[in-house]
Structure formats: C-alpha cells, structure tokens
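Read the structure below first, then the notes.
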Amino acid sequence: MIEFSPASVPTMYFIGVSTRQSSIMRVFPLWAEALGHAGTIIQGIDCPLHADPEDYCAIIRFIQSDPLSLGALITTHKIDLFNACEDLFDEIDPYALQLREVSGIYKSGDKLCACAKDPISSGLALQAFVPHNFWPTHGGEVLLLGAGGSSLAMSLYLTNQGHEMDIPRIITITNRSVGRLASAKAMLSNLNPNVEFRFVHCPTPADNDRLVNALPPYSLVVNATGLGKDAPGSPITDSAIFPINSLVWEINYRGDLLFRTQANAQAISRQLHVEDGWIYFIHGWTQVIGEVLHVPMSKETVLHLSKLAQA
Ligand SMILES: NC(=O)c1ccc[n+]([C@@H]2O[C@H](COP(=O)([O-])OP(=O)(O)OC[C@H]3O[C@@H](n4cnc5c(N)ncnc54)[C@H](OP(=O)(O)O)[C@@H]3O)[C@@H](O)[C@H]2O)c1
C-alpha cells in the first residue's frame, strides 16, 4: 500500500509509470512561474502497469483530504484509475463519463473533480500534422495499436460529427488482451454511422504486422501501446511494411521509441510522415494544468508555455 506525507507547499501530482524521466519535471517550475504560481511544485507517483485498485484509491483519497495537494495529471493509468475510483469523485466531466477514463484531477471549492482531456489534447496534436481534408481526399484508414485511454480519446476526436466528411472510413483498434477490446467496442461502435470500427485481438507483434501490411496508402498508424517507453519493444516487428504516403504517430516522445525508429527506417522509401508525442505532451499537460491551477489556457498562453518547454 502506498503511503503519503501531507504536502508542505502547493503540489500537483503526476501519476504514471516512470515519472522521474519526464520532461515535465524540469518544465513545470518554469510554467508555474509563467502562470503566476511560482512555488507550486510537481511530484511524481509511479505505479506499475495495471496497479492494485486499492493503491489508486489511496492516491485519490490522499489528494482529496490534503489541503495543499491541488490535483494530478494521469497517464497510462487513466482507465484503471477511473474504474477503481469512480465513486470517490464529486464531479466527473462528460468525456470522462463517456470514455470511462480520467486524465486530470482538480479541486473546485470542496469538490474533487475528474476530467478526461485527451479527446481535446490528442485532437489538437492530430490537427498539427494531419492535413485538412486528408481523409476524403485520399481514402486511407486508421490503425490504432493499443485499446487504452489514448486510443479511445483519439477515436472520439477522429469521428467527431463536427468534422463532417473529413473523417476516416475505417478505424481498426488492436489490443494485446481481450478485455480492453470488448469495452472499447461497447463504447465506440455507434459514435458515427459513417465510420466503421474494427476490433482485432493481436497478442503478438506479428499479428499487428499483418494489419499494418494490409492498410491502403495514406493511412494513419498510431502506437498507443506505451511499448518503447512504459515497457521495452514495439507493437510491430521489423518486418512490418508501412503503407506508402502514410502518417505514423508514436504518441510518446521519450524512451527507446523503437516503433518510431522502425517507421523512420522506411520514411524515405515509403514516403512517411513520422510524428512523435511532443506536441501531444504540451497539449495534454497545459489542458490539465489549466484546471488544476484554475488558469485559462488561451492559444497564446499555450504557445508561450510551449516555447518555454522547448527552450
Ligand atoms: N505524449 C503524451 O503526452 C502522451 C499522452 C497520452 C499518453 N501517452 C503515452 O501513451 C501510452 C499509452 O497511454 P494509455 O493511457 O492509452 O495507456 P494504457 O491505457 O495502458 O493503454 C495501452 C494499451 O496498449 C495495449 N498493448 C500493449 N502492448 C500491445 C501490443 N503489442 N499490441 C496491441 N496492444 C498492446 C495494452 O493492452 P493490455 O490490456 O494487454 O495491457 C493497453 O490496453 C503511454 O505510454 C502513455 O504514457 C503519451
């Protein structure tokens, strides 16, 4: 069981797997100062993948009861933490309820609130590299490797009815275990009648390879498994062949990022655009920090914070 000491200064937590190595540890003090919260600190809480539900509840109860603990950003554990702690939150935003995941926790008066910002932050990150009208112009498909919180959030963004016909015809989601696929299917199947969802159990990288190899040109392939950061390796083997003229997104920006290396090796021959998770990182953090510190995050503020982080 994890034990905590009360915070002695205003503190935001980062709940992840290997938080110490994240750039946010160096970036947060600069951002806090720029946002008028100098002295607010960030502290990592590392939990193993699929941690004990009681540990998730202990973290949430601690933040709830400790006056100087302001809130948290959650990565990797978004779904597991939501499932364990749903009843502990006083307010849950519509995306968190829809996706049954939580990426941010903050306090509003005496209420503890849970939010899911990934549909917004992954959407902003996708907008930065997926050209306007990419889908109706070229007819490619989307392959999301991993059926975790990030893939669910991206699916919501990619099928948004507000995008009219700028949506992919087919989104295929794979996962190593079957449980996550069943819940993803229940959640996503009826989002948009113009998008067909396929859910495929892929216990080995060779299974994922077969799906990558079968994609049409101008597709989007996303590594949302955490492999290459949370655990070594890649969800595909070196034998996978990316579809020509496609977009390949490794949603992490640190770690050995083997999947990105595999894509880069084919970038010229297959004419790929290979993107990492840096822009997603900026949007994910600024969205949650805005709620935790109660600061509006305008486009200009995000740009300023992004420049500070880059520097
Ligand atoms: N750049 C950023 O700012 C940013 C933002 C969000 C997330 N991320 C990163 O993105 C990663 C995913 O996040 P998440 O919250 O979606 O994590 P998550 O909920 O743990 O989901 C990962 C999913 O991938 C599946 N998986 C693992 N290996 C696989 C394989 N070989 N083939 C198919 N599926 C496989 C896992 O299946 P099992 O059920 O079998 O474990 C799990 O369902 C994490 O590393 C996170 O840190 C980065």
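The values are calculated or read from the model by the stated rules, or taken from the named source; none is laboratory data. The model shown is predicted, which means the values in this text are computed figures rather than measured ones. All Cβ positions, glycine included, derive from the backbone under ideal geometry; neighbour counts span all protein chains shown. Surface areas here come from the heavy atoms of the whole protein model, side chains and all, with no ligands, DNA or RNA. Shrake-Rupley method; radii C 1.70, N 1.55, O 1.52, S 1.80 Å.
Per-structure values
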item	result
Taking the stretch 120-276 and dividing mean pair separation by its residue count, relative contact order in percent (alpha carbons under 8 Å, at least six apart)	21
Mean ellipticity per residue at 222 nm, deg cm²/dmol - from DSSP H runs of n ≥ 4 across the chain, formula -39500 (n - 2.57)	-11000 deg cm²/dmol
Net charge of neighbours whose Cβ lies under 15 Å from the Cβ of Ala186, counting Lys and Arg as +1 and Asp and Glu as -1	+3
Assigned charges on the beta-carbon of Lys, Arg, Asp, Glu; the chain dipole about Cα centre (debye)	620
Relative contact order (percent, whole number), the stretch 212-255, Cα cutoff 8 Å, 6+ residue spacing	56
Of Gly255, Gln287, Pro216, farthest towards positive along the dipole that unit charges on Lys, Arg, Asp, Glu beta carbons give the chain	Pro216
Computed magnitude of the charge dipole of the stretch 245-311 (debye, nearest 20; Cβ of K, R +1, Cβ of D, E -1)	120
Estimated inter-spin distance, Asp238 and Val178, nm [label 7 Å along Cα→Cβ]	3.4
Segment Arg61-Ser108, length gained on full extension (0.36 nm per residue, minus Cα span)	15.4 nm
Packing-based order for 163-172, 283-292, using average beta carbon neighbours within 10 Å, highest first	283-292, 163-172
Pairs beyond 22 Å (Cα-Cα), from Lys78/Lys117; Lys107/Lys229; Lys107/Lys185; Lys185/Lys229	Lys107/Lys229; Lys107/Lys185; Lys185/Lys229
Protection proxy ranking, peptides 276-282, 263-269, average beta carbon neighbours within 10 Å, highest first	276-282, 263-269
Potential lengthening between Ile170 and Ala206 on full extension [0.36 nm per residue; Cα-Cα distance subtracted]	10.8 nm
Shape call, the stretch 118-257: gyration tensor on alpha carbons, a/c limit 1.5	rounded
Kyte-Doolittle mean at least 0.5 and Cα axial length at least 20 Å: DSSP H helices in the chain	278-293
Between the stretch 16-38 and the stretch 109-123, the Cα center-to-center distance that results, in Å	18
Per residue solvent-accessible surface (Å²) - the chain, probe of 1.4 Å	44
For the stretch 97-172: relative contact order, % (alpha-carbon pairs under 8 angstrom, 6 or more apart)	31
The stretch 195-266-the stretch 272-309 distance, computed between alpha-carbon centres (Å)	25
Nearest-10 value in Å² for the accessible area of Leu258, using the 1.4 Å probe	60
Cα-based shape type of the stretch 80-164, given that a ≥ b ≥ c are square roots of the gyration tensor eigenvalues and the cut on a/c is 1.5	prolate
Accessible surface of the chain [probe 1.4 Å, protein heavy atoms]: carbon and sulfur percent	53
Backbone N within the stretch 208-247 under 11 Å of label point (7 Å from Ile268 Cα along the Cβ vector)	none
Burial order of peptide ranges 303-311, 94-102 (average beta-carbon count within 10 Å, highest first)	94-102, 303-311
The chain: C-alpha gyration tensor shape, a/c 1.5 cut-off, then a/b vs b/c	prolate
